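Notes for the one structure printed next.
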Amino acid sequence: MRFAASPGNRRLVVPVLSTLIAVTLAGCAETPRRRYTETPRALPPISTEVYAYPRDERSADAQKRDRFECYNWSVKQTGFDPARMPTDTPRVVRVDPAVSPNHDAAVLGVTGAIIGAAVSRPSNALGGAAIGAVLGAAAGSASDANREATADSMERSANADQRAQHAQLSQRAADYRRAMSACLEGRGYIVR
């Protein structure tokens, strides 16, 4: 491929080449990662502890028996067994795209420049390369934005599922504590 350097083309070479380089390098620039509107917080621990004090004198064995019987009754009533509660703490999920930000913008910008130069007339190869680079970088930026949006959506969904599971487990634990408290109060204990 030959490039005819006429006086009119020489004046265009520097601006077109500068634009091509700027567009290609802009595609390689790192942009800040996602911005978050809310800071993910660790989910609070779930408590199943019930504090009960006997109103009258009871032996330690009698207190253990009362707690055991109330425990069994509460599990039957609520279907929640604190001994089988998951012990792992929920984690905040972070989803990162498979490739770095602006990957597609850089790749498609360079590819567009090569294709634009190849399909243009030899006298207008730089102009074709510049147009191809701009169009390729724009298409790549759209692809990068879509990948980021997909990662954000997956991350929000996973964290929402964890919060929902935690809320459901918290509610079941609260039902168990209420049942345990009612049983112990019925047996003459002061429950706090």
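The values are calculated or read from the model by the stated rules, or taken from the named source; none is laboratory data. Everything quoted here is computed from the prediction, not taken from an experiment. Positions of Cβ are generated from backbone atoms using ideal geometry, with glycine treated the same way; all protein chains shown enter the neighbour counts.
Quickly run through region 49-66 and pick out the residues that are closer than 26 Å to PHE80 by Cβ and basic (Lys, Arg). Outline the logic, then answer.
Pass one, region 49-66, residues closer than 26 Å to PHE80 by Cβ: 49-54, 62-66.
LYS64, ARG65, listed by residue number.
For the structure I just gave you, tell me whether ARG156 is assigned to a loop (DSSP other than H, G, I, E, B) and of a type outside the set (Val, Ile, Thr).
Numbers: assigned to a loop (DSSP other than H, G, I, E, B): no; of a type outside the set (Val, Ile, Thr): yes.
No: the conditions fail for ARG156.
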Looking only at region 40-77, and only at residues there that are polar (S, T, N, Q) and either modelled with pLDDT of 90 or more or closer than 30 Å to GLY140 by Cα (or both), the one that is surrounded by the most Cβ atoms within 10 Å (Cβ to Cβ): SER74
Single match in ALA98, ALA130, ALA105, ALA167 (criterion: more than 30 Å from TRP73 (Cβ to Cβ), within 25 Å of the chain's Cα centre (by Cα) and part of a helix (DSSP H, G or I)): ALA105
So ALA138, is it among the aliphatic types (A, V, I, L, M) and at pLDDT 95 or above: no
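Condition first: of a type outside the set (A, V, I, L, M, F, W, C), at pLDDT 70 or above and loosely packed, with under 15 Cβ neighbours inside 10 Å. Now tell me which residues in region 95-104 satisfy that. Spell out the reasoning first.
We begin by selecting, within region 95-104, every residue of a type outside the set (A, V, I, L, M, F, W, C); these are 96-97, 100-104.
Still in the running and at pLDDT 70 or above: 100-104.
Listed by number, the list holds a single entry, SER100.
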Condition met for ALA118 (of a type in the set (Gly, Ala, Ser), at pLDDT 90 or above and out of contact with any Leu (no Cβ under 8 Å at 6 or more places or on another chain)): no
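State all residues of region 156-182 that are without any contact (Cβ under 8 Å) to a residue 40 or more places away in the chain and either in contact with a Leu (Cβ under 8 Å, 6 or more places away or on another chain) or closer than 15 Å to SER47 by Cα (or both); if no residue qualifies, say none.
Within region 156-182, ALA167, GLN168, GLN171, ALA174, ARG178 meet the criteria.
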Any chance PHE80 is outside any helix (DSSP H, G or I), at pLDDT 85 or above and either within 30 Å of ILE190 (Cα to Cα) or of a type outside the set (A, V, I, L, M) (or both): yes
Residue match in region 130-142 (condition: surrounded by fewer than 22 Cβ atoms within 10 Å (Cβ to Cβ), touching a residue at least 60 places away in the same chain (Cβ under 8 Å) and touching an Asp or Glu at 6+ places or on another chain (Cβ under 9 Å)): yes
Single unsatisfied condition, VAL92 versus (1) modelled with pLDDT under 85; (2) within 30 Å of MET180 (Cβ to Cβ); (3) outside any helix (DSSP H, G or I): (2)
